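S.K.: If you scroll down you'll find the structure; I have some questions about it.
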Amino acid sequence: MTAQPKKRSVIESGDGGLGLGLALFISNGEDLGPIIRHGFDSGKPEALMQNLRSIVKKKEVEIEELCRLHYEDFILAVDELRGVLVDADELKGMLTGENIHLQKVSSATLLNLDELFELYSIKKNIGEAITTLKICVKVISLCMACNGYIAEAKFHPALKTLDTIEKGYLKNIPLKLLKKVVAKHIPLIKMHIEKKVCSEFNDWLVHIRRMAKQIGQVSISQASMARQKDEEMRARKREAEAHSDARSDEHVYTLDVENTDEESTLNFDLTPVYRAHHMHICLGIGEKFRDYYYKNRLMQLNLDMQISTSQPFLESHQPLLAQVAGFFIVEQRVLRSADGLLSESQVESTWETAIAKITSILEDQFARMSIASHLLLVKDYVTLLGTTVSKYGYQIAQLIQVIAKYKDKYHQLLLIESRKQIDDILANDSYEQMIIKKEYEYNMNVTAFHFEPDDVVPEFPYVAPFSSGVPDICRIVRSFIGDSVSYFSYSARTNIYEIVKGYLDRLLIEVLNDSLLNMVYARSLAMSQMMQLAGNISVLEQSCDMFLLYSAQLCGIPKRIAQRSHSGLTAKAVLKASQNAAYNSLINLANFKIDEFMVLLDDVNWIVEEAPDNPNEYMNEVLIYLETLVSTAQEILPLEALYKMVSGAMSHISDSIMTTLLNEGVKRFTVNAVMGLDIDLKLLEAFAEEKFYRTGLVDLGKETTFADCLVEIRQLVNLLLSSQPENFMNPVIRGRNYGSLDYKKVAIVCDKYKDFADGLFGSLSNRNKQDARKRSMDVLKRRLKDFS
Amino acid sequence: MAHRVDNEYDYLFKIVLIGDSGVGKSNILSRFTRNEFCLESKSTIGVEFATRTLQIEGQTIKAQIWDTAGQERYRAITSAYYRGAVGALLVYDITKKQTFENIQRWLRELRDHADSNIVIMMVGNKSDLNHLRSVPEEDGQALAEKEGLSFLETSALEALNVEKAFQTILKDIHQIISKKALAAQEAAGSGPPTQGTTINVTDSAVNTKRGCCSS
C-alpha cells in the first residue's frame, strides 16, 4: 500500500514517464486496473490508449522475431504432438476393449448391485413400517390392556391407560384409520366407564338406603343403652341417698361387651362412593358427580320422610326416624371422608330441611294424639334421635322446641287419664277403713307412701286410717309424677323440678281435689262413708309433702335440698279447704239425719196432764244415732273434726227443739211437757259430758264444751220450770241465768204456756205453789208484752 | 327385504297407555315405536299415537299404541279413546307411591269405559331409579296377581323390558283372537269346503285383515 503513492507521482511527472511506468507494470505482471481507471477518471484516456498501442506494436515485433527464431523447434514440437496423438488413439482402443471385457465380466455383479440397492430401499420401507407398527402395537396393546381392565371393572387403570393413549400416542398414530377409530372410541369408553361407575354407585344408593334404617336403629339403640346405664346409675344414687347409712364410696363396675353385629352395621362401606367420586374426577366431571350425589341423596331423603298412610304413626315413627338418623350418619361420614364430595353447608341445609319436615310431622301427629303414653313413646324416640345425631354434630334445638311446645298437650292428656282413673277409684271405693292382714300388703299400701304411724311394723290385722282408694290414688299421683318427669328427661336443659311441681299441683287441684269435692257434694255416700272420705282427704293432704319429695327425687334434686325448700304445693292448702268442705258436709249430713229423728217431736203430747217418767221417743233415737256417729268418727276423724261435728250436732238439736216450740205446730203446752223436755235434755247433756272427756277432746283446750251447745234450750227449760219466771226481767238475774235467751222467742213461747189446775182433790200446799208460779208467769207475760 | 305396503298386516291391535301424569307413558311409547327416549319431561296434551308392525307367531301384527295425558283436565277427551282397544298398559312410577295407589282408580276407569275382554298389563316404570324406589316390586306383583293382570317393571330410559312388555301383551291378545278365530272357523266349517271365508270377529271389535286364505 505504501508503494502506490510513489508510482502515481512518477506517472504524473510526464507522458514519457507514463509509458515507462506502464511497461514496467506489465513486465511485473501487476494489475493495470487502477491505472486505467485513473486515466478514465481524470478525463484523459487518449494518452493512455496511445501508450498502450505503442506497447502492443513493440510486443508484436518481439513475438515475430521470437517466432522466426524458434520455427524449427516449433515444427519438431508439432511432430511430437502428432505422435502422442497416435499413441493416445491406440490407448483408447485398448481401453475400450478392456471396458467391454470388464462389462462382460461384471454384468452379474452389477445385477447384484441393483438388487442390493433395491434391498436397501426395502429395508428402509420395512424400517418405517416397523416403526409405525411398533407405535400401533403399543397403542393396540394399551387398548387391549384398557379392555382388559374394563372387563375386570378396574376402571381406574383403564382411565390411566386411556389418558396415556390420548396424551402420549394419539397425535403420533401414523395410520389415519386407526387414529380415527381410537379417537372415536376414547370418549365412548369414557362414557361407558361413567355409566358403569354410575350404575355401581346407584347400586350402592339402593344398598345404603336399605342399610340406613339399620344404621339408625343400631345408633339409636346404643344411645338407648347409654341412657339406660345413666338411669341405673341415677337410681343407685337415689337409693344411696335414701339410705344415708349406706357406704357412699361403693362402686359398681360392669363390663361392656361390644355387639359385633352392631359394629359391622356401623362400619358401613363407602368404597363405591369414593371410587365413583374419584373416577368422575379422573374423567374431568367431578362437579357433575357431586351434583348427582347431592340431588339423589336429597330425593332419597324426601322419599324416606313420607309418612306411611297405611300404618299408624305410633308404629311407623320408629322406622321413619331411624331411617333419617341412618341417612345423616352416612352423610356425616361421607362429608368427613370423601374429600370434597359434600360441603358442610350442603349437609347442614339438608339437615335443616329434614328437621323442619320432622318437626312438621311431629306437630301434626302430636296435635291429633289422644293418649299420653303414645305421645311419651314418640317423644322418647325423638329424644333418642336427637341424642344420636347430636353426637355427629347436628343441631337438635328444633326437636327440643317441638317437645317443649307440646308439654301442655301431653300433661293435659295425662290429667284427663288421671281424672278418669281417680274417678273410677272414688266411684268404686267402699269408703271403709282398709284392713291389712299381711306384711306385704302393709308395705305396699302403707310403708310405700310413708303412712306409718311409727317405725314399728304393727300387729296384723292392721286397721288403716284410710280406705283402699287412698293408696290407689297415691300410686296414680306417683305415676303421674313419673310420667311428667319422663316427658322432660333428655329434652329439657333447664331445671324441670319447678315445671313438674306446677303440673303436680294441677293434678292435685284440678283433678284430685275436684273429684273429691264431687264426691263430697254428690250426696251418694252414707254417714260413715262421708267420714271416711273426709279422713281420706286428710291423709291425701298430708301426702302432698311426700309427693313433692318424690318429684324432687325423680328430678335429681337431693333430698336435703328439697326438704330445706320452703315452697310447698298449693294443693296442700286446697286439699285442706276441701277437707273442711267435707267436714261441713259431714255436719250437714249428720244434721239431716238428726232431723229425721227430730220429726218425732211432732208426736210429743205437749198438753200432757202428768209429768212423764221417761224421755220422749225422739231423744232415744237421737241418742242411739249420736252414739254410733261418735264411735265411728272417733276412729277416723281427727279430734278437731270430731269436735266440730259433735258440736254442730248438739247445736242443731238445740235449735230443732227451739224451733219446734216456736212453730205453729205447737199451740200450747203444759208444765208437764216442759218437765219431759227437761228429762230429754238431762240425758243429752250427760251424753255430751261423757263423750267430751272420753274421746280426749278435753285436751284440745276448747272453751266451749258439748253441753255448752245446748245452753239455749237449757235456759228456756229452766225458765219455764222456774218458780219465779218473772225474774227473767231482772237484768242481773237474766244476765247470769238466761243470757242466751232472746226476748221475742221467750215471749212467743210463754204465750203458749198454759197451766191447768190440778184436780179438786190436790193438796193445798201443791196448789199454793202452782198458784204462785202461775202468777209470776202472768206477770212475765204482761211485762214481755209491754216490752215488745 | 321387500318393503311391505302399510296395509299389509294380519291384525291391527289398538293398545292404550294409561296411568298418572309423569309416570313415563310417552317415553314407553317412543322407546317401543322409535327406540327413542326424551329426557325432557313434557306433559302429553290430549292423545298421541304411534304404530309399529311386528311378527308374532308367524303373523304380521300392527300395534297401534295410544298415549294419553294422565292429568285430570284431559279426562273428558280420553274416555272416547278406549273404544276399540284390545289391550291396555297400566303404568305407574316405582319412585312415586301415589301413582301405584292410583292404579285401582285407573282399573275402575278401564272397566267402566273399555271392553270387558280387554287384556291388561301392569307396568312399573323407571326401574333404573332403583335407589329412589318407593314401591317394592313384590307389592306390584301382589296387586297384579290379585287383579289377574300381567306385571313387569320397565325402564324406558334403559330400554329394559319395554319390548318384552309389548311382546307379552300382544301375544296374549293374539292368542285370544286366534282362539276366537279358530272357534268361528270351526263353526263355519260345518258346510262343504270353500275357497275361503272372511272371519268376522265382531266381539273384539278388532279390524281383521288376512293376507291370504286358509282352509
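The values are calculated or read from the model by the stated rules, or taken from the named source; none is laboratory data. On a predicted model such as this, the values are computed, not experimentally measured, just so you know. Positions of Cβ are backbone-derived with ideal geometry, glycine not excepted, and every protein chain shown enters the neighbour counts. Side chains are part of the model used for accessible areas, which takes the heavy atoms of the whole protein and leaves out ligands, DNA and RNA. Shrake-Rupley method; radii C 1.70, N 1.55, O 1.52, S 1.80 Å.
S.K.: Mind checking which lysines have their Cα closer than 20 Å to the Cα of A:Lys237? Skip sequence neighbours fewer than 8 apart in that chain.
M.R.: The reachable lysines, counting only those whose Cα sits under 20 Å from A:Lys237, are A:Lys229, A:Lys559.
S.K.: Follow-up. Roughly what % of Cα-Cα distances in the range B:50-189 sit above 26 Å, to the whole percent?
M.R.: Counting every Cα pair in the range B:50-189, those more than 26 Å apart make up 28 percent.
S.K.: Rounded to whole Å and ordered largest first, report the semi-axes of the equivalent ellipsoid of the range A:21-150 derived from its Cα gyration tensor (root of 5λ).
M.R.: The three semi-axes for the range A:21-150 are 74, 38, 8 Å.
S.K.: Run the reach check for B:Lys179 against lysines, Cα to Cα strictly under 17 Å, same-chain hits fewer than 8 apart removed. What comes back?
M.R.: Leaving aside lysines fewer than 8 places away in the same chain, those within reach of B:Lys179 are B:Lys171, B:Lys209.
S.K.: Next up: Around B:Ala69, which amide H atoms from residues at least 5 apart in sequence, or from another chain, sit under 5 Å from its own amide H, with H modelled in the peptide plane?
M.R.: Correct list: B:Gly46.
S.K.: Using Cα positions and a limit of under 28 Å, work out the lysines in reach of A:Lys781, with same-chain residues fewer than 8 apart set aside.
M.R.: The reachable lysines, counting only those whose Cα sits under 28 Å from A:Lys781, are A:Lys667, A:Lys682, A:Lys744, A:Lys745, A:Lys752, A:Lys754, A:Lys769.
S.K.: Next question, about the same structure. Order B:Lys25, A:Lys420, most accessible first, counting only protein heavy atoms with a 1.4 angstrom probe.
M.R.: Of B:Lys25, A:Lys420, the descending order of accessible area is A:Lys420, B:Lys25.
S.K.: Cβ neighbours within 10 Å, averaged per peptide: list B:132-143, A:205-216 in order, most packed at the top.
M.R.: Peptide ranking by packing, descending: A:205-216, B:132-143.
S.K.: Can you sort B:Trp66, A:Trp351 by 1.4 Å-probe accessible area, starting with the largest?
M.R.: Most to least solvent-accessible, the answer reads B:Trp66, A:Trp351.
S.K.: Another question, if that's okay. Points 7 angstrom from Cα along the Cβ direction at A:Thr353 and A:Phe460: gap in nanometres?
M.R.: Going from the A:Thr353 label point to the A:Phe460 one covers 6.7 nm.
S.K.: Magnitude of the Cβ-charge dipole of the range A:21-150, K/R +1 and D/E -1, about the Cα centre, nearest 20 debye?
M.R.: 1060
S.K.: Which value at 222 nm does chain A reach when only helices count, each DSSP H run of 4 or more adding -39,500 (n - 2.57), with the total divided by all residues and rounded to the nearest 500 deg cm²/dmol?
M.R.: Result for chain A: -25500 deg cm²/dmol, rounded to the nearest 500.
S.K.: Hey, another quick one. B:Leu39 to A:Leu177: FRET efficiency via 1/(1 + (r/R0)^6), r the Cβ-Cβ distance, R0 45 Å, to the nearest 0.05?
M.R.: Efficiency computed from Cβ-Cβ geometry: 0.85.
S.K.: So if the hydrodynamic radius of the range A:108-179 is defined as the Kirkwood radius over C-alpha pairs, what does Stokes-Einstein give as its diffusion coefficient at 25 °C and 0.890 mPa s, in µm² per second?
M.R.: It diffuses with D of about 170 µm²/s by this estimate.
S.K.: When all protein chains stay in place, what accessible area (Å², nearest 10, 1.4 Å probe) is found for A:Ser538?
M.R.: Surface open to solvent at A:Ser538 totals about 20 Å².
S.K.: Could you work out the Rg to Rh ratio of the range A:406-580, with Rh taken as the Kirkwood radius (inverse of the mean 1/r over all Cα pairs)?
M.R.: Here the Rg-to-Rh quotient is 0.97.
S.K.: If you don't mind, there's one more thing I want to ask. Counting only residues 5 or more places away or on other chains, whose amide H sits under 5 Å from the amide H of B:Ser150 once H atoms are built in the peptide plane?
M.R.: Here the answer is B:Ile120, B:Met122, since their amide H atoms fall under 5 Å of that of B:Ser150.
S.K.: If you average 1/r over all unlike Cα pairs in the range A:282-368 and invert the result, what Kirkwood radius do you get in angstrom?
M.R.: 14.3
S.K.: For A:Leu549 and A:His156 in one chain, what is 0.36 nm times their gap in residues minus the Cα-Cα distance, to one decimal in nm?
M.R.: Full-extension gain reported as 134.6 nm.
S.K.: Another question, if that's okay. Taking the Cβ-Cβ separation of A:Tyr274 and A:Glu232 as r and a Förster radius of 41 Å, what is the calculated FRET efficiency to the nearest 0.05?
M.R.: 0.50
S.K.: Tell me, what is the FRET efficiency for A:Ile561 and A:Asp708 to the nearest 0.05, using R0 = 56 angstrom and their Cβ-Cβ distance as r?
M.R.: Approximately 0.70, to the nearest 0.05.
S.K.: Taking amide H positions as placed in the peptide plane 1.01 Å from N, state which residues far from B:Val91 in sequence (5 or more) or on other chains have amide H under 5 Å from it.
M.R.: Those qualifying (amide H under 5 Å, at least 5 residues apart or on another chain) are B:Ile18, B:Gly19, B:Val123.
S.K.: In addition: What pairs from A:Lys138/A:Lys176; A:Lys213/B:Lys164; A:Lys195/A:Lys288; A:Lys138/A:Lys160; A:Lys195/B:Lys97; A:Lys420/A:Lys501 go past 23 Å between their alpha carbons?
M.R.: Flagged as over cut-off: A:Lys213/B:Lys164; A:Lys195/B:Lys97.
S.K.: At 7 Å along Cα-to-Cβ for each site, give me the label-to-label distance between A:Glu315 and A:Val732 in nm.
M.R.: Simple spin-label model gives 9.8 nm for this pair.
S.K.: Taking every pair of distinct Cα atoms and averaging 1/r, then inverting, what Kirkwood hydrodynamic radius in Å comes out for chain A?
M.R.: The Cα-based Kirkwood calculation yields 41.7 Å.
S.K.: Next question. Let me spell out the model: positive unit charges on the Cβ of Lys and Arg, negative unit charges on the Cβ of Asp and Glu, origin at the Cα centre of the range A:406-580. What dipole size does that give, in debye rounded to 20?
M.R.: Using only the charged Cβ atoms, the result is roughly 640 debye.
S.K.: Follow-up question, since we're still on this one. How far apart, in nm, are two points set 7 Å out from the Cα along the Cα-to-Cβ line at A:Val137 and at B:Lys171?
M.R.: Roughly 5.2 nm, to one decimal.
S.K.: Along its principal axes, what span do the Cα atoms of the range A:610-697 show, with the longest given first and each in whole Å?
M.R.: 44, 26, 17
S.K.: Using each residue's phi in the range A:72-80, evaluate 6.51 cos²θ - 1.76 cosθ + 1.60 at θ = phi - 60° and report the 3J(HN,Hα) Karplus result to the nearest Hz, with x for Gly and Pro.
M.R.: Once rounded to whole Hz, the list reads 5, 4, 4, 4, 5, 4, 4, 4, 4.
S.K.: Give me the percent relative contact order of the range B:9-182, please, defined on Cα pairs under 8 angstrom at least 6 residues apart.
M.R.: With pairs under 8 Å counted, the relative contact order is 24 percent.
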